[in-house]
Amino acid sequence: MTIRIAVDNCTGCGQCLAVCPFDALTLEDDKVVVNDACTLCGACVEVCEFEALSMPPEEAGQQPVPRPADGIWIFAEQRRGRLAPVALELLGEGRRLAEQLRVAVAAVLLGHNVQGLAEELIAGGADKVYVVDHPNLAEFLEEPYAAALTALSRRYGPEIILAGATYVGRAFIPRVAALLDTGLTADCTAFAIDPANHLLLQTRPAFGGNIMATILTPRSYPQMATVRPRVMKPWVAEHERQGEIIPVQLAELDQPWRCRFVQTISEITETVPLGEAEVIVAGGRGLQDAKNFRLLAELAELLGGAVGATRAAVDAGWISYQHQIGQTGKTVAAKLYIACGISGAAQHLVGMQSSDLIVAINRDPQAPIFQIADIGLVGDVFEILPALIQQIKANR
Ligand SMILES: Cc1cc2nc3c(=O)[nH]c(=O)nc-3n(C[C@H](O)[C@H](O)[C@H](O)COP(=O)(O)OP(=O)(O)OC[C@H]3O[C@@H](n4cnc5c(N)ncnc54)[C@H](O)[C@@H]3O)c2cc1C
C-alpha cells in the first residue's frame with residue numbers, strides 16, 4: 001500500500017519530494033508519482049499545500065490502539081545484588097510521567113536472590129515491583145533476560161518501558177522491542193507526554209547532536225526507550241512508602257540457552273572512575289598539549305576527583321579515550337565540574353550538563369560553555385589553574 005495521489009491537485013511543486021525520507025516520490029510530467037519504497041510515514045501529506053496527497057482510507061481511518069492498562073515500567077538493573085543507579089534515576093522520571101498519565105509505576109527486577117532490592121525500589125518511587133527470581137537470571141545473559149521481560153510484558157501489558165542505556169540495557173532491550181514488535185528510541189535525554197493522545201514524546205540528539213529529535217511510537221505498545229545513566233534525576237527516597245511486591249514464575253526461563261556465562265573480569269582503574277566521580281576537572285583543546293593535562297591531574301587529585309576531556313583533546317592524543325565525556329564518550333553528573341579550555345560544543349554538553357555546579361575557565365567570553373556555567377572565569381587557563389592549585393594548597 002502506498003500514499004494516495006490526487007493527480008489533478010498536484011502542481012509539481014516538488015515539496016513532497018524534498019521531505020520524503022525514503023526517496024519514494026518522483027516527478028513525471030510535472031506530476032508526483034509514488035513507488036514501492038513508500039512506508040506511509042505521512043511526511044509528504046503534511047507538507048502538501050494542495051491536498052494532492054492523502055493517506056489511504058484504511059490508514060487514515062485507523063482506530064487508535066487502546067492504551068494498555070499497566071502504566072509505566074522501568075527495568076531495575078542490578079549487578080551482584082546492587083541496584084544500578086540508573087534504575088533509581090528512571091524511577092524518578094517514571095514518577096514524573098506517571099503523574100501526567102495518572103498511572104502506576106512498576107519496577108521489573110530480574111535476577112537470582114535479589115528480592116531484597118524490592119523495598120529499595122519502592123522507596124525510590126515504584127508502586128509495585130515485579131520480581132522474577134530464577135537461577136538462569138543470576139548472571140546477565142541477553143537471551144534469558146530478553147525472554148523474561150518479553151514474557152512479563154505480554155502477561156501484564158505496560159504502556160511504557162524505560163531502561164538504562166548501559167551495557168546491559170543496550171544489549172537486550174532491542175531484542176525485547178523486536179520480540180514485542182514495537183519501537184525503541186535509544187539514548188533519550190528528555191521525555192514528555194503529549195496531552196492530546198497520551199503518547200510518550202521521546203527526545204534524543206540526532207545528526208551528531210546538531211538537532212534534538214522527538215520520536216513517537218504511535219501505533220504499537222509498549223512505547224520503549226533507553227536513557228543514559230546520570231541524565232535523569234532520581235526520586236528522593238521515601239523509606240516509609242508502601243508498595244506491592246509481585247513474585248512472578250516464568251516457564252519461559254526453564255530451558256537451555258545458546259550462550260552460557262563464563263566469568264566476569266572487573267575493570268581495574270587506579271584513580272576515581274569518571275562515572276562515579278563527584279568532582280571532575282576536564283580539559284579541552286585550550287590545554288594545547290598533553291603535558292598540560294598534568295595541571296588538571298594535580299587539581300583533580302587535590303579535590304579527590306577525576307580528569308575528563310573533550311573529544312578534541314582525545315583526538316589530539318593528549319589523553320586516552322576512557323576520559324572522554326560527551327555524546328560519544330561518557331555521561332557524567334558530578335557535584336562539581338570544572339571545564340578548562342572547553343568551548344562547550346553540544347556534543348560535549350550532552351555528557352556533562354546535569355552536573356550540579358559547573359565552573360568554566362575560558363579566555364573567550366563568548367564561548368558557549370558560559371551559557372550553562374554556574375561560575376564563569378574569563379581568562380587564561382595557564383594563569384588561573386596554577387593560582388587555584390596554589391590557593392587550595394595554601395588553605396590546607
Ligand atoms: C558525531 C560527533 C560526536 C562527538 N562527540 C563528542 C564527545 O563525545 N565529546 C566531546 O567533547 N566532543 C564531541 N564531539 C566534538 C565536538 O563537536 C567539539 O568539536 C569538541 O567538543 C570541541 O572540543 P574543545 O571544546 O576541547 O575544543 P574547541 O571547540 O576548539 O575549544 C577550545 C576552547 O579553548 C579555549 N581556549 C584556548 N586557549 C585557552 C587558554 N589558554 N585559556 C583558556 N581557554 C582557552 C578557546 O577559547 C575555546 O573555546 C563530537 C562531534 C561529532 C560530530
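Laid out as a table, the results:
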quantity	calculated
Subset of the stretch 292-325 [closer than 24 Å to MET232 by Cα, more than 10 Å from the ligand (Cβ to nearest atom) and in a loop (DSSP other than H, G, I, E, B)]	GLY305
Filter result for GLU139 (outside any helix (DSSP H, G or I), surrounded by fewer than 21 Cβ atoms within 10 Å (Cβ to Cβ) and among the acidic types (Asp, Glu))	yes
Every residue from the stretch 1-27 that is in a helix (DSSP H, G or I) and open to solvent by less than 40 Å² (accessible area, probe 1.4 Å)	CYS16
Test: residue in the stretch 279-291 that is on the phi > 0 side of the Ramachandran plot and within 9 Å of the ligand (Cβ to nearest atom)	yes
Which numbered condition LEU216 misses (of (1) open to solvent by 50 Å² or more (accessible area, probe 1.4 Å); (2) within 16 Å of the ligand (Cβ to nearest atom); (3) under 21 Å from THR150 (Cα atoms); (4) of a type in the set (A, V, I, L, M, F, W, C))	(2)
Count - residues of the stretch 71-106 that are part of a loop (DSSP other than H, G, I, E, B) and buried (at least 21 other Cβ atoms within 10 Å of the Cβ)	4
When residues of the stretch 342-359 are limited to those that are more than 16 Å from LEU303 (Cα to Cα) and open to solvent by 40 Å² or more (accessible area, probe 1.4 Å), the one farthest from the ligand (Cβ to nearest atom)	GLN353
Identity of the residue in the stretch 28-59, out of contact with any helix residue (DSSP H, G or I) (no Cβ under 7 Å at 6 or more places or on another chain) and part of a strand (DSSP E or B), that ends up farthest from ALA6 (Cα to Cα)	GLU28
Strands (runs of 3 or more DSSP E) fully within the stretch 196-286 counting 3 or more residues that are under 23 Å from GLN327 (Cα atoms), under 22 Å from the mean Cα position of the chain (by Cα) and touching a residue at least 60 places away in the same chain (Cβ under 8 Å)	223-227
Qualifying positions in the stretch 190-204 - under 24 Å from GLY351 (Cβ atoms) and either buried (at least 18 other Cβ atoms within 10 Å of the Cβ) or out of contact with any strand residue (DSSP E or B) (no Cβ under 6 Å at 6 or more places or on another chain) (or both)	PHE191, LEU200, GLN202, ARG204
Verdict on ARG95 being of a type in the set (Lys, Arg) and modelled with pLDDT of 95 or more	yes
Restricting the stretch 326-335 to residues that are near the ligand (Cβ under 6 Å from one of its atoms) and of a type outside the set (Gly, Ala, Ser), the residue that is farthest from the chain's Cα centre (by Cα)	THR328
Selection count where residues are under 22 Å from ALA104 (Cβ atoms), assigned to a helix (DSSP H, G or I) and open to solvent by 10 Å² or more (accessible area, probe 1.4 Å), scope the stretch 154-177	3
Positions within the stretch 287-302 being in contact (Cβ under 8 Å) with a residue 60 or more places away in the chain and either open to solvent by 10 Å² or more (accessible area, probe 1.4 Å) or acidic (Asp, Glu) (or both), in sequence order	ASN292, LEU295, GLU298, LEU302
Selection status of ALA339, within 9 Å of the ligand (Cβ to nearest atom), surrounded by fewer than 17 Cβ atoms within 10 Å (Cβ to Cβ), in contact (Cβ under 8 Å) with a residue 40 or more places away in the chain and of a type in the set (Gly, Ala, Ser)	no
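The values are calculated or read from the model by the stated rules, or taken from the named source; none is laboratory data. All figures in this text were calculated on a predicted structure; none of them were measured in a lab. Positions of Cβ are backbone-derived with ideal geometry, glycine not excepted, and every protein chain shown enters the neighbour counts. The area values use the complete protein model at the heavy-atom level, side chains included, leaving out ligands, DNA and RNA. Shrake-Rupley method; radii C 1.70, N 1.55, O 1.52, S 1.80 Å.
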